[in-house]
Amino acid sequence: MTGDTEKEQEPSSGEQQLNVLKRIHEILTKHSSTQTEFIPLLYHSLKQISKHPNNSSNSLDAATSSIRHRLKTAKTLLQQDPAAIELVSKTPEQWQLHIQEKKIELEKKTKHLQRLRESIQKQ
Amino acid sequence: MSTPGPVPSSTSVATLPFSAQDKTQEQVSEELQSVGIYQDLERYEETIQQLSKSVDTFKPDLSLIDKVIECDKKLYETLEEFDEYYKIEEELSRLDKEQKNIDNKTREILETLNTCYNSLNELPMLEQVEFEQKVMLKQREKIHSKVVLDYAMKLAKFTRFPPTFDKSMIGPNNFIWPAEDSLRKGMLAMASLKKKELLLDALDEDNVNNDNNTSKIDEMRNTNEDSVDDRFNNKEQVQDATEDTERRGSFEFTANGKEDSETKSEENPDLELDLDLDLFNPDEF
């Protein structure tokens, strides 16, 4: 029972990949009011620097640190999930071809299974 | 500005469905370099670093801004493809489940077939069963000689075969004389064929006996010397002799019949002599 509940609680591998991709997507896109897109954030930082060029605390490196952190986190998430890497290593077109081949293969297997079942029932 | 949360521990390599589990770290890093999103992220990171460096050193490079915009555009184009990847992943997991289901069914069928094959192999072959049945029936048809002999021993009068028994002969023909009923039948048949002769012979014998009796009476009258005791003894002897002749009629089989009769005559010679005198006189015929 405990093993089953653990299995139920554990997300499947496909869900894990989706979780990773979704997390990467959330990190890189505008997810909330505090987390904006990169270009507006960059534009805002450059404008601040141009307004106060003599302010030593205004540096683009510090202003873009959050962008670089988000990019680094996304990279780390992708590095830690080889399944996600394998998923995104192929283009969607390549995956469609792979899915078609797999469907044909499964159809053949199903037919063979059906034929085997019929031959057993006949005998 | 919010920082992204820590990487979840559920994204472990051990639970992955793909062959990525078997890949080494170097292979993963090589594969990672070819992934579009990873390249975009690295290029974006590198360009921003260069831009911040150029701005912070008061040598702004406007081309880097264009490059950042290009990287951003490329990155978000790649992120837009993620929706397709979600669909692909769902389709792959569905196909994976279907494949597992088919594989399980196939395995179950093959296991059942294998079990049936083993159980059928454990059963004896039809040809073997038929052969064994034939052998059994043949054995039942044959009666064991020991059983027959035991049954014969129950029915037999003797526990051993007679010494005159000839093994080459079968049945009662091994006896040197015909059976008693055969003898009787033969005698009756002969009598029916020679009825007249026998009747005449019988009449002649009666006449001769009457003559002999009259002559004997005369002799008896002439010889009155014999005492009553002698007569009595003679009568006893006559009776013994008649009994002996009667016994001879029912012959008892022995191994040495002739020898027995000879020994009997040797043991009691007087009796034989008396018998010859009193009952049968061949000279008279």
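The values are calculated or read from the model by the stated rules, or taken from the named source; none is laboratory data. All figures in this text were calculated on a predicted structure; none of them were measured in a lab. Cβ coordinates were reconstructed from backbone atoms using ideal geometry, including for glycine residues, and neighbour counts include every protein chain displayed.
With a requirement of 2 or more residues that are surrounded by 14 or more Cβ atoms within 10 Å (Cβ to Cβ), among the β-branched types (Val, Ile, Thr) and facing chain B (nearest Cβ under 7 Å), the helices (runs of 4 or more DSSP H) lying completely within segment A:28-123 that satisfy it span A:38-51, A:65-80, A:82-89, A:92-122. For segment A:80-123, the set of residues classified as under 19 Å from the mean Cα position of the chain (by Cα) and hydroxyl-bearing (Ser, Thr, Tyr) consists of A:Ser89, A:Thr91, listed by residue number.
Per the listing A:Leu77, A:Leu60, the residue uniquely under 12 Å from the mean Cα position of the chain (by Cα), in the same structural domain as A:Glu37 (by the TED database) and closer than 26 Å to A:Ile39 by Cβ is A:Leu77. Being at the interface with chain A (Cβ under 7 Å from one of its Cβ atoms), at pLDDT below 50 and within 30 Å of A:Ala63 (Cβ to Cβ): is that true of B:Pro17 here? No, not satisfied. Sort out which residues of segment B:37-60 are more than 7 Å from chain A (Cβ to nearest Cβ), modelled with pLDDT under 85 and surrounded by 15 or more Cβ atoms within 10 Å (Cβ to Cβ), and write them in order of number. Residue satisfying the conditions is B:Pro60 alone.
If you go through segment B:74-92 and keep only what is of a type in the set (Phe, Trp, Tyr) and either more than 7 Å from chain A (Cβ to nearest Cβ) or closer than 22 Å to B:Glu42 by Cα (or both), you end up with B:Tyr76, B:Phe82, B:Tyr85.
Quick one: in segment B:93-112, of everything that is at the interface with chain A (Cβ under 7 Å from one of its Cβ atoms) and among the hydrophobic types (A, V, I, L, M, F, W, C), which residue is farthest from A:Thr91 (Cα to Cα)? Applying the filter and picking the extreme gives B:Ile109.
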